[in-house]
Amino acid sequence: MDIAQSKRKFSWQSLGDVQLGRPHLGPLAPVRAYRLMQFTLWDVLTSELGPEKANDIVRKAGTLAGREFCLNLLDKSLPFIEFISQLQKNLKEQLIGLMRMEQVDLEAMQFTLTIAEDLDCSGLPCTDEIVCQYDEGFIGGILEEYTGKPFHVAEVDCWASGARVCRFSAKLITDPLESRDFQ
């Protein structure tokens, strides 16, 4: 690996000009192509580093993606309810999933939300596993970028565990030691 590669940092511009680069195929790709890249990368990470470290890396990548998604596609100046409406619309437009807020406690900054037709796992065979670590990070990154405060997001139901919707619990991290555990 050369020096330039070892110092790479993601930026939204790294996504490139898809219209210019794909004039005939366009900006969309099949879910299978996305999952092929995601799950093979995850498999290699797991083989090389073990499942705990691989899941941690995938979650951190999701957090980075969520922050960038928020910075580049969402209006952080909106009040919470309008921000969530905009997020729902963007997730649908980007074909990521259909988000619904089930519980909102703004005072405690705790939320329960679902993602139906989730890009990462809807339609996977049932393995009794929770597989949306990337989504945990993605949702946490969005909430952190919007509020300026860290969140712990945990998937509590997953298509792959037998549910037909992915359900996430999100809560503000108030204990600095807890924050260290989830970064």
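The values are calculated or read from the model by the stated rules, or taken from the named source; none is laboratory data. Everything numeric here is computed off the predicted structure, so don't read it as measured data. FYI the Cβ positions are ideal-geometry reconstructions off the backbone, even for glycines, and counts take in every protein chain you see. Surface areas here come from the heavy atoms of the whole protein model, side chains and all, with no ligands, DNA or RNA. Shrake-Rupley method; radii C 1.70, N 1.55, O 1.52, S 1.80 Å.
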- prompt: Mind checking which residues of region 141-152 are open to solvent by 30 Å² or more (accessible area, probe 1.4 Å) and part of a strand (DSSP E or B)?
  reply: H152
- prompt: Just one of the numbered conditions (1) part of a strand (DSSP E or B); (2) in contact with a Pro (Cβ under 9 Å, 6 or more places away or on another chain) is not true of A170; which one?
  reply: (2)
- line: Exactly one of L87, L95 is open to solvent by less than 60 Å² (accessible area, probe 1.4 Å) and of a type in the set (A, V, I, L, M), and that one is L87
- prompt: Given the conditions (1) in a loop (DSSP other than H, G, I, E, B); (2) without any contact (Cβ under 8 Å) to a residue 12 or more places away in the chain; (3) not polar (S, T, N, Q), which single one is not true for L124?
  reply: (2)
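If you take the residues in region 158-174 that are open to solvent by 70 Å² or more (accessible area, probe 1.4 Å) and modelled with pLDDT under 95, which one is farthest from M101 (Cα to Cα)?
T174
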field: S14, sole failed condition from (1) in a helix (DSSP H, G or I); (2) open to solvent by 100 Å² or more (accessible area, probe 1.4 Å); (3) modelled with pLDDT under 95
entry: (2)
message: Going residue by residue through region 79-100, is there one that turns out to be within 17 Å of H152 (Cβ to Cβ) and modelled with pLDDT of 95 or more?
response: no
statement: Every listed condition ((1) crowded, with 17+ Cβ neighbours inside 10 Å; (2) in contact (Cβ under 8 Å) with a residue 40 or more places away in the chain) holds for E155 save (2)
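Condition check: open to solvent by 70 Å² or more (accessible area, probe 1.4 Å), touching a Phe, Trp or Tyr at 6+ places or on another chain (Cβ under 7 Å) and not in a helix (DSSP H, G or I). Does K76 satisfy that?
yes
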- request: Would you point out which residue out of F69, F138, F111 is open to solvent by less than 80 Å² (accessible area, probe 1.4 Å), of a type in the set (A, V, I, L, M, F, W, C) and over 18 Å from D157 (Cβ atoms)?
  value: F69
query: Before we move on, is L106 within 23 Å of F83 (Cα to Cα) and surrounded by fewer than 12 Cβ atoms within 10 Å (Cβ to Cβ)?
result: yes
